[in-house]
Each structure stands twice: as structure tokens, then as C-alpha cells.
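*Asks:* One structure coming up, written as C-alpha cells, with questions to follow.
The values are calculated or read from the model by the stated rules, or taken from the named source; none is laboratory data. Computed from a predicted structure; not experimentally measured. No Cβ is skipped: glycine too gets one built from the backbone with ideal geometry, and neighbour counts run over all protein chains shown.
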């Protein structure tokens, strides 16, 4: 089920932090906001698929560049416990492949074009949920899946 939440954050603070961590993005266009305790490189730990034998909840440490930022505050405001958390950059005119997330997810759009959607497929129908980057005010909004 996809639904909007009341979770908000200051978009200008998010964009400021996003710009500061931009050089950390590698070829995968992802960086880990959280990682597992004790891993060598927490920025890369949350990138890609979760490894066999590792649980979502194992990603409990907020990575150094995000500690004390609006991203850490946002994680603590979520209506459920956070786990593997990352920032993803998508190239223009690209999309993720159709898939079903195995655990609860929270999608928070930092920058999105007007054609940004999450598609919910059920046995009865297909629903396109628009993912706005911000509302009328300075706050950003998110969608829970």
C-alpha cells in the first residue's frame, strides 16, 4: 500500500546537505545514509541489494556525513524504525525497474520532475502515485510504501 505521510523536513536543509555529500556519489549513483555497525565503508554499505544473512534492521548506524543533519532527524521522525537507508540519483528520463520491496519503505523525494511516480500494482488495479519534491511551503514531503 502506498500512502502519503505527514512527515516533513526543511527542504533547504536537505538540499544543502545533499549538495555537500554530492562528491561521495560513485558509479552506482547511490550513497548510504545508514550502515551496519563496524563496517569499513558505511557510505557504500547500503548501496545495492541487502546481502544474504543481513537484516534491514542491521543498518542502524547513521553514516558520518549525515550525523547531526536533517537526514538523521528525518530518520528519527519516521512512523516506523528505519533500516537500510540511501540517497539515490536518477539520470534524466530513467526509472527503476518494476519490483516489489520486501520490507516497508519510505520514499522521500528531494528533487523530482513533474512526471515522477511510484506505481502500485495490486490484483485489482494499477495506481500511479505522484511523488512531489515539495509542497506549497518550504518543507518536503514523503510517501510510505
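*Asks:* Which one is farthest from residue 40 (Cα to Cα) among residues in segment 63-88 that are part of a loop (DSSP other than H, G, I, E, B) and free of Cβ contacts under 8 Å to residues at least 12 places away in the same chain?
*Replies:* Among them, the one singled out is 68.
*Asks:* Out of everything in segment 23-63 that is over 15 Å from the mean Cα position of the chain (by Cα) and at pLDDT below 90, what residue ends up being farthest from residue 73 (Cα to Cα)?
*Replies:* 52
*Asks:* Sticking with this structure for a sec: Please enumerate the residues belonging to segment 120-145 that are exposed (fewer than 12 other Cβ atoms within 10 Å of the Cβ) and modelled with pLDDT of 80 or more.
*Replies:* Answer for segment 120-145, where residues must be exposed (fewer than 12 other Cβ atoms within 10 Å of the Cβ) and modelled with pLDDT of 80 or more: 121, 122, 123, 124, 125, 126, 128.
*Asks:* Mind checking which residues of segment 23-55 are exposed (fewer than 13 other Cβ atoms within 10 Å of the Cβ), touching a strand residue (DSSP E or B) at 6+ places or on another chain (Cβ under 9 Å) and more than 26 Å from residue 120 (Cα to Cα)?
*Replies:* Passing the criteria: 37, 38, 41.
*Asks:* Same structure, new question: Which of the residues spanning segment 21-46 are in contact (Cβ under 8 Å) with a residue 24 or more places away in the chain and touching a helix residue (DSSP H, G or I) at 6+ places or on another chain (Cβ under 7 Å)?
*Replies:* The answer is 21, 24, 31, 32, 33, 35, 36.
*Asks:* Another question about this same structure. Are any residues in segment 96-110 touching a strand residue (DSSP E or B) at 6+ places or on another chain (Cβ under 9 Å), surrounded by 10 or more Cβ atoms within 10 Å (Cβ to Cβ) and in a loop (DSSP other than H, G, I, E, B), and if so, which ones?
*Replies:* 104, 105, 109, 110 - these are the residues of segment 96-110 that are touching a strand residue (DSSP E or B) at 6+ places or on another chain (Cβ under 9 Å), surrounded by 10 or more Cβ atoms within 10 Å (Cβ to Cβ) and in a loop (DSSP other than H, G, I, E, B).
*Asks:* How many residues are modelled with pLDDT of 85 or more and either part of a loop (DSSP other than H, G, I, E, B) or surrounded by 18 or more Cβ atoms within 10 Å (Cβ to Cβ) (or both) when one looks only at segment 1-16?
*Replies:* 1
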